[in-house]
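The values are calculated or read from the model by the stated rules, or taken from the named source; none is laboratory data. Fair warning: this is a prediction, and the values are worked out from it, not measured in the lab. Because the Cβ atoms are built from the backbone with ideal geometry, glycine has one as well, and the counts that use them run over all protein chains shown.
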Amino acid sequence: MDITLKEITKIFQAKDKSETVAVNDFNITIPSGKLIGLLGPSGCGKSTTLYMIAGLLTPNHGRIYFGDEDVTDMAPEDRGIGLVFQNYALYPHMTVRQNIMFPLENIKVPKEEALKRAQDMADLVGIGELMNRKPKQLSGGQQQRVAIARALVKKPRVLLLDEPLSNLDARLRLATREEIKRIQRETGITTIFVTHDQEEAMSISDEIILMDLGIKQQVGEPQDVYDEPKNLFVAKFLGTPPINLMPGEIKNKQVLIRGSKVTGKAAKNQEVVVGIRPEGFEIDPNGIMELEVYMVETIGRDTTLIIKNFNDSAKSYRIIVDARHRIKPGDKVKFNIESDKIFVFNRETGERL
Amino acid sequence: MLERQNNLKALFYLAPAMVLLSVFTFYPLFNAFFLAFLRDYEFLLRSAKGFTLFGNFKNVITDPDFGIAMKNTSIITFISVPISVIIALLISVALNSVKKLQGAFQTIFFLPYVTNAIAIGMAFAFIFHADYGLLNTILGWFGINPINWVGLNASWSNAMFALLVYTIWGGLAFKIMVFLSGLQSIDKQYYDAARVDATPRRRVLTKITIPLLSPMIFYITVTSFIGAFKAYRTIIGMFGETLRPPGTLSKDSLITIVGLVYDALAHADATGKMSEAAAASIILFSITMIFTLVQMQISKRRVHF
């Protein structure tokens, strides 16, 4: 079942009557059976969007469709959604079994069947042997699984996850995100999860939706979005280390950084921002750009060169090179730039040229 | 070294409270135990004829008033506490779901707490007045003849009913305040989760709200029971020093155990009366303690901290 959001706008009014537009004219179709990452910095409206899909918030404008069905005015309990909260919201006084069975008891599923379904779901998420524990006796990752099992046990049409990994430590996060991917594959349920962590979103999503300031920025498969960012925000938000942004200009269809040509661009003469991915530099004695290395970070697999920012000495550029190259701080290195790793943006609007 | 300094510091901080507690709480407490075992204690002369193990307790228990006081105290405790806890719970859940004017409602429900118990008792005596009381006026609208609640020769059961209404109402304010603060500290996400899972309202109350509020409910129940065992102010507020409706006999008295203690104290100049008061207070103390211990045992299974 596809989920379609049409012209969704959500405005929050504070006590002093000041208004915040959390989501602004949001249009999207989420394809059936996919794992979708709703990604953006905090305060960008992604959780608001999720809660509007869940029905816990009502949009001020626009319609939400599950398949062909308009669910905009439908109560959350009638929408057939499973929701996993950021801090799981497991009932602390109930055992794992009681927590998972709770949604089934609400809709008066016979006890035998409810017990079986709860056990099956617990087995699926890998907590089958913890059924008699209380949430407090579980680790964060286990609580997370209980929350997912509780959301899935009533066979919802959509699974919604709000920052599902943010309460987990780094190692658990890696394991859990694989787990979410596996559970989604096995159940085939349309899943939307909200995150501010681009790595998390890119690693497991079939598609990512990037949001900023309540506005949809770009939608697509993670690699596509990474390779073809539509604007400066998208380019900056995706990738670790982040993209290097350098002031430049276009003159006679040539893109110049500090006066030397780095690439061509058929656009009118103007000041621009040039973004180059850290992995887009290639060491070449005849390279077009010469940079002085300020520091070298070795991690074994590859090496990160740190270059002082041209304008702001507090900031720096990062270049990832093959570990073969033995470069020392202070070395002057010449680089060529891969043409598919360089992006040119309008300095005012941030739009890609 | 540092630790010893800190301990010394802590002692200094505690000193004022310790001194006051020693003079006005610990000493009277131990003294009461001491007095309860003195034979024929003369309060005015501060002299006794040695010790007796059960003599004073026997005097208290064989007093015809003791049975009446036990009966009254039990009725007040076991009827008013459960009812007022349940009513307070329902009111606070309702208050918590009110969006507009919540502050105003909270203030209204809290007002009785800051009002003098004796004054409220007198006001209730008027509400229950047979001839021009509010209650009988309202009952009159439904064609019910005036009932003599607390007036001349009022029956014990009528008087007790009025007293219970007053006790229950008077205890609501504090309970509501505690429950409300408890309710407001429950994470809203539990309710969102319950909504998404199509939880019926009744189940939200019984399966989520009450269990999550159970530490507060337990605290309130224990302290209310202790308070109810000590009931006295309410009775004196409503019936005055005789502790019964005017014109009635002492068998119809609404005296409680604390009333018994004060009664004995009022005659402290008679031989052994002071010791009887001490013995009665120790009986009350024991009942309260046993009851609290039982409740704490129950709470281990029922309260979700």
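What single numbered condition from (1) hydrophobic (A, V, I, L, M, F, W, C); (2) within 14 Å of another protein chain (Cβ to nearest Cβ); (3) buried (at least 20 other Cβ atoms within 10 Å of the Cβ) fails to hold for residue A:74?
The number of the failed condition is (3).
Could you say which residue among B:183, B:135 is crowded, with 18+ Cβ neighbours inside 10 Å, under 30 Å from residue A:152 (Cα atoms) and away from chain A (no Cβ under 14 Å)? Before the answer, list the steps.
Details: B:135 fails: under 30 Å from residue A:152 (Cα atoms).
None of the others qualify; the one that does is B:183.
Looking only at the range A:49-59, which residues are within 14 Å of chain B (Cβ to nearest Cβ) and within 15 Å of the chain's Cα centre (by Cα)? Steps first, answer last, please.
Of all residues in the range A:49-59, those within 14 Å of chain B (Cβ to nearest Cβ) come to A:50-58.
Of everything in the range A:49-59, just one residue is within 14 Å of chain B (Cβ to nearest Cβ) and within 15 Å of the chain's Cα centre (by Cα), namely A:50.
Mind telling me which of the residues A:104, A:115 ends up being surrounded by 16 or more Cβ atoms within 10 Å (Cβ to Cβ), away from chain B (no Cβ under 14 Å) and modelled with pLDDT of 90 or more? Even if it seems obvious, please write down each step before you answer.
On the way: A:104 fails: away from chain B (no Cβ under 14 Å).
Only one candidate passes the filter, namely A:115.
Scan the range A:1-20 residue by residue and report those that are crowded, with 16+ Cβ neighbours inside 10 Å and hydrophobic (A, V, I, L, M, F, W, C).
Within the range A:1-20, A:1, A:3, A:5, A:8 qualify.
Which one of the conditions (1) assigned to a loop (DSSP other than H, G, I, E, B); (2) surrounded by fewer than 19 Cβ atoms within 10 Å (Cβ to Cβ); (3) without any contact (Cβ under 8 Å) to a residue 60 or more places away in the chain; (4) in contact with a strand residue (DSSP E or B) (Cβ under 6 Å, 6 or more places away or on another chain) does residue A:86 fail to meet, given that it meets all the rest?
Just one mismatch for residue A:86, condition (3).
Please verify whether residue B:253 is touching a residue at least 40 places away in the same chain (Cβ under 8 Å) and hydroxyl-bearing (Ser, Thr, Tyr), treating the condition exactly as stated. Spell out how you get there, then give the answer.
On the way: touching a residue at least 40 places away in the same chain (Cβ under 8 Å): yes; hydroxyl-bearing (Ser, Thr, Tyr): yes.
So residue B:253 passes the test.
Go through the range A:89-122 and give me each residue that's part of a loop (DSSP other than H, G, I, E, B) and among the polar types (S, T, N, Q).
Here is the first cut: in the range A:89-122, the ones part of a loop (DSSP other than H, G, I, E, B) are A:89-95, A:107-110.
Once the filter is applied, which keeps residues that are part of a loop (DSSP other than H, G, I, E, B) and among the polar types (S, T, N, Q), the range A:89-122 yields only A:95.
Quick test of your reading of the structure: residue A:255 fulfils all but one of (1) in a strand (DSSP E or B); (2) out of contact with any Gly (no Cβ under 8 Å at 6 or more places or on another chain); (3) at pLDDT below 90. Name the failing condition by number.
(2)
Please determine whether any residue of the range A:29-47 is under 27 Å from the mean Cα position of the chain (by Cα), of a type outside the set (Asp, Glu), within 14 Å of chain B (Cβ to nearest Cβ) and closer than 24 Å to residue A:200 by Cβ.
Taking the range A:29-47 first, the residues under 27 Å from the mean Cα position of the chain (by Cα) are A:29-47.
When the remaining residues are screened for being of a type outside the set (Asp, Glu), the result is A:29-47.
Among the residues that remain, those that are also within 14 Å of chain B (Cβ to nearest Cβ) are: A:47.
Narrowing the set further to residues that are closer than 24 Å to residue A:200 by Cβ leaves A:47.
Yes, some residue in the range A:29-47 is under 27 Å from the mean Cα position of the chain (by Cα), of a type outside the set (Asp, Glu), within 14 Å of chain B (Cβ to nearest Cβ) and closer than 24 Å to residue A:200 by Cβ.
Quick one: what pairs do we get from the range B:189-213, first residue more than 10 Å from chain A (Cβ to nearest Cβ), second in a helix (DSSP H, G or I), C-beta under 8 Å, 6+ apart or different chains?
Listed by first residue and then by second, the contacts come to B:205/B:93; B:209/B:93; B:209/B:183; B:213/B:89; B:213/B:179; B:213/B:182; B:213/B:183.
Out of the range A:268-284, which residues are surrounded by 14 or more Cβ atoms within 10 Å (Cβ to Cβ) and among the basic types (Lys, Arg)?
Scanning the range A:268-284 gives a single hit, A:277.
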